[in-house]
Structure formats: structure tokens, C-alpha cells
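K.L.:
I have a structure here, written as C-alpha cells, and I will follow up with some questions on it.
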Amino acid sequence: MLALVGIVPATDAAVTIVNRIVTVFVRPGAIPALELKGGVPLGLRTIVVMPTLLTTPAEIEEHAERLEVHYLANPDGELHFALLSDWCDSPTETAINDDQLLGAAMDRDRAPQHSS
């Protein structure tokens with residue numbers, strides 16, 4: 001019984017020691033990056049997807065604005081942005097305010113786009 005009680009602290013100590021050894025001997029390195037001065041070419045087309053929950057119209061607006069800031073900061077090339085949304089957990093298939101939230105998201109999607 002004593003061995004079973006002692007295995008948890010022993011395992012925790014072993015993990016701590018291994019983590020310490022790894023951080024001492026393995027140094028972080030530079031992550032390779034692409035320098036795309038002319039923007040993202042067609043062959044490297046990318047979509048950046050922000051997962052979000054449809055909770056309130058104010059949060060939908062906040063997520064859409066954040067996505068728009070990312071879009072405006074990266075206007076060149078084949079870089080696209082999208083929100084991937086879902087509903088909050090519910091005991092039923094649909095909730096009372098689902099239509100209102102979907103309408104707010106769709107209205108925001110149809111809002112005039114800023115042009116550069």
C-alpha cells in the first residue's frame with residue numbers, strides 16, 4: 001500500500017528531473033521562416049481560421065473586428081481569413097437566441113469591406 005501511495009510523488013519527481021535535464025542540454029533554435037516580399041504567392045495560398053463561439057452580438061462584433069485587423073495588416077497575396085463558429089453548449093438542439101446570433105454574424109459578414 002505504501003508503494004502505491006509513493007508512486008505518484010516519485011513519478012512527479014522523475015518528470016521534473018527529466019524536464020530539467022532536457023532544458024539544460026537542448027537549447028532553443030531559430031524557427032525557419034519565409035521572406036515573402038511580394039506577398040503570399042498562389043502556390044502558398046493560406047487561410048487563417050479563428051475558432052469562436054456565437055455567444056453575444058457584442059462578442060461576434062469583437063471577433064469580426066479582430067479578424068478585419070488581421071486582414072488589413074496582411075493585404076498582399078493569397079492570405080485569407082475566416083471565422084469558424086459554433087453555438088454554446090445547450091441541452092436542446094437549438095436555443096432561443098440562435099437565430100438572433102446567426103443574424104448578427106451574417107449582418108457583420110455583409111458589412112461593407114474597407115478597401116486599401
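The values are calculated or read from the model by the stated rules, or taken from the named source; none is laboratory data. Here the structure is a predicted model, which means the values were calculated and not measured. Heads up, the Cβs are rebuilt from the backbone with ideal geometry, glycines too, and the neighbour counts pull from every protein chain shown.
K.L.:
Checking the condition assigned to a loop (DSSP other than H, G, I, E, B) and at pLDDT 85 or above, which residue from Ala30, Ala64 passes?
P.N.:
Ala30
K.L.:
Would you confirm, using the coordinates I've provided, whether Leu53 is modelled with pLDDT of 85 or more, touching a Cys at 6+ places or on another chain (Cβ under 6 Å) and not in a helix (DSSP H, G or I)?
P.N.:
Yes, satisfied.
K.L.:
Kindly provide the set of residues from segment 6-58 that are under 30 Å from Asp98 (Cα atoms) and free of Cβ contacts under 8 Å to residues at least 12 places away in the same chain, ordered by number.
P.N.:
Across segment 6-58, the qualifying residue is only Ala58.
K.L.:
Right, something else. Which condition from (1) of a type in the set (Asp, Glu); (2) more than 30 Å from Ala95 (Cβ to Cβ); (3) out of contact with any helix residue (DSSP H, G or I) (no Cβ under 7 Å at 6 or more places or on another chain); (4) in contact (Cβ under 8 Å) with a residue 12 or more places away in the chain is the one that Glu78 breaks?
P.N.:
So the condition that Glu78 fails would be (3).
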